[in-house]
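What follows is a short report on a single structure.
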Amino acid sequence: MELDFRTLALLLLIAAVVAMLTRRLRLPYSVGLVAAGIFLAVLPFAPKVSLTKDLIFTALLPPLLFEAAFYIHWDQLRRDFSVIVVLATLGVALSACVTALGMRYLAHWEWLGALVFGVLISATDPVSVIATFKEAKAQGRLLVLVEAESLFNDGTAAVAFGVVVAMASGRQLTSLEITAMLLKTIGGGILCGAAVALGALLLAGRTDDHLVEIAFTTVAAYGSFLLADHFGLSGVLATITAGLVMGNFKSSGAISDRGKEAVQAFWEYAAFVANSLVFLLIGMHEARQDFVAIWLPAVIAIALVTLGRAVAIYPCCFLFSRSSLCVTMKHQHILLWGGLRGAVALALALGLPPEVPQREKIVTISFAVVAFSVFAQGLTMASFLRRMGEIPR
């Protein structure tokens, strides 16, 4: 069933109640939502909403990406840009290789199926990561590293995923074609996002009506994604770029003073709604998965994903160990355990073509890894940050 207005109203009511309860119980909001979704799924009157790639990517992901990028200051991002790019490229590649090799030789999957799974699960999910760290009240350089890395490696993984799926579908690609596809998808996505954001800012500068200014930011968030996706470019990178451009140019006079306050309030609410729906729907669909039948490959996958994250973090950060960009060992440990998986991995898995080897196993194992991320990592993140001295005890 599609997400209609009655179902949306019910899910928002549940989300609001869960938000109140988790705050009183001092539990992560995302964990409470997934648990509520699991409980809701077993009730006889539970709505049957299909969790699809289109729903996550087209409806729910753009506002979350845009809102996160909107609040990243370019000065902070520029300082650690080299570290973030290395983690989001080399780190994703290393993580994908470790996971794919492990699934091939330990779980005995076919090469293509293992490679597809390795790529889609390699990037941390900005939805889960940012929600968890903001709830834990992390701040400073750590928050910038965590947020920016999760945003950019998400874009990298989505681009690499398109290449791998093309290969898994039987398309023969040369190294030159793969390079050209990557450059076109990444560069085109960034250009789309910048063009849409600058156009929206130009129009917003001609009005001081805060409602119209909100409308232009909404067009930038969704328009950049849809435009890039229409041309086969990276919608994820387009929306991230649009958020960065509008967030860093909002003080240039293009948006009025009243408009800034209204825009910030609107995007906080939009992110809350999208976040709530994502985690509730994940919980509802987790309840329908038969994890008992695949417990061994699921355990193998969870161990490999964690190992892959470690291989992505420690060697990449070591490259900067003798520079001013050195990432402390404490922050490296946090980046490792804070590498949560969530909606993006599920969206990519659910969008796999039927001809991809072991498609159903990939979908079910992806749900298992996400369940581990939400409950094991999500529940322990705040206490881990306290132990590392990043938030008050």
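The values are calculated or read from the model by the stated rules, or taken from the named source; none is laboratory data. Because the structure is predicted, anything quoted here is derived from the model rather than measured. In this analysis, Cβ positions are derived from the backbone assuming ideal geometry, glycine residues included, and neighbour counts consider all displayed protein chains. Areas reflect the complete protein model, heavy atoms only, side chains present, ligands, DNA and RNA absent. Shrake-Rupley method; radii C 1.70, N 1.55, O 1.52, S 1.80 Å.
Taking only the C-alpha atoms, wrap a convex hull around the range 1-154 and report its volume per residue in Å³ as a whole number.
Numbers: hull volume 23.9 nm³, N = 154.
Convex hull volume per residue, Cα atoms: 155 Å³.
Projected onto the charge dipole of the range 295-393 (+1 at Lys/Arg Cβ, -1 at Asp/Glu Cβ, origin at the Cα centre), which of GLY351, PHE372, GLY389 gives the Cα projection farthest towards the positive end?
Sorting the options by dipole projection puts first GLY389.
Any idea what Rg and Dmax come out to for the range 25-111 if you just take the C-alpha atoms, in Å?
19.2, 53
When the distances between all Cα atoms of the range 16-61 are binned every 5 Å from zero, what whole-number percent does each bin get?
5, 18, 19, 20, 23, 12, 3
Which of the lysines could be linked to LYS53 by a straight reach, that is with a Cα gap under 28 Å, when you skip same-chain ones fewer than 8 residues away?
List returned: LYS134, LYS184, LYS361.
Kindly report the accessible area of the chain per residue (heavy atoms of protein chains, probe 1.4 Å, no ligands, DNA or RNA), in Å². Working shown, then result.
Numbers: 17270 Å² over 393 residues.
Computed with neighbouring chains in place, this is 44 Å² per residue.
Could I get the Rg over Rh figure for the range 111-163? Both from C-alpha atoms, Rh via Kirkwood, rounded to two places.
Details: Rg = 13.1 Å, Rh = 11.9 Å.
Computed over Cα atoms, the ratio is 1.10.
Run the dipole for the range 258-393 about the Cα centre, Lys and Arg Cβ at +1, Asp and Glu Cβ at -1, nothing else charged, and hand back the magnitude in debye, nearest 20.
Details: 12 positive and 7 negative charges, 105 e Å.
Using only the charged Cβ atoms, the result is roughly 500 debye.
So what's the projected area for the range 108-252, the Cα convex hull averaged over all directions, in nm²? Please report the intermediate quantities before stating the final value.
On the way: hull surface 44.7 nm².
The directionally averaged projection comes out at 11.2 nm².
Over all directions, what mean area does the Cα convex hull of the chain project, stated in square nanometres?
Working: hull surface 78.0 nm².
Reported value for the Cα convex hull: 19.5 nm².
Can you compute the helix-only [θ] at 222 nm over the chain? Use -39500 (n - 2.57) per DSSP H run of at least 4 residues, normalise by all residues, nearest 500 deg cm²/dmol.
Details: 18 runs with 281 residues, N = 393.
It comes out at -23500 deg cm²/dmol, rounded to the nearest 500.
May I ask which residue of HIS230, HIS331, LEU202 lies farthest towards the positive end of the charge dipole of the chain, with charges of +1 (Lys, Arg) and -1 (Asp, Glu) on Cβ and the Cα centre as origin?
The residue sitting most towards the positive pole is HIS331.
Can you list the lysines whose alpha carbon is less than 27 Å from that of LYS137, not counting same-chain residues fewer than 8 positions off?
Leaving aside lysines fewer than 8 places away in the same chain, those within reach of LYS137 are LYS250, LYS260, LYS330.
P(r) for the range 269-385: what percent of alpha-carbon pairs falls in each 10 Å bin, starting at zero?
Here the calculated profile for the range 269-385 is 12, 36, 32, 17, 3.
Let me have the relative contact order for the chain, percent, based on Cα pairs under 8 Å that are six or more residues apart. Intermediate values should be presented prior to the final figure.
On the way: 602 pairs, mean separation 118.6, N = 393.
Dividing the mean separation by the residue count of the chain yields 30 percent.
Based on a Kirkwood Rh over C-alpha pairs, give the Stokes-Einstein translational diffusion coefficient of the range 226-296 at 25 °C and viscosity 0.890 mPa s in µm²/s.
On the way: Rh = 15.6 Å.
It comes out at roughly 157 µm²/s.
Only Lys, Arg, Asp and Glu count, each charged at its Cβ (+1, +1, -1, -1), so figure out the dipole size of the chain about its Cα centre, rounded to 20 debye. Don't jump to the answer; show the numbers that get you there.
On the way: 28 positive and 25 negative charges, 208 e Å.
That gives the chain a dipole magnitude of about 1000 debye.
Jot down the radius of gyration and Dmax of the range 209-258, Cα atoms only, both in angstrom.
Just the Cα atoms of the range 209-258 yield Rg and Dmax of 11.9, 37 Å.
Run the accessible area of the chain with a 1.4 Å probe and give the carbon-and-sulfur part as a rounded percent. Please list the in-between numbers first.
Details: 11460 of 17270 Å².
Ligands and nucleic acids excluded, carbon and sulfur give 66 percent.
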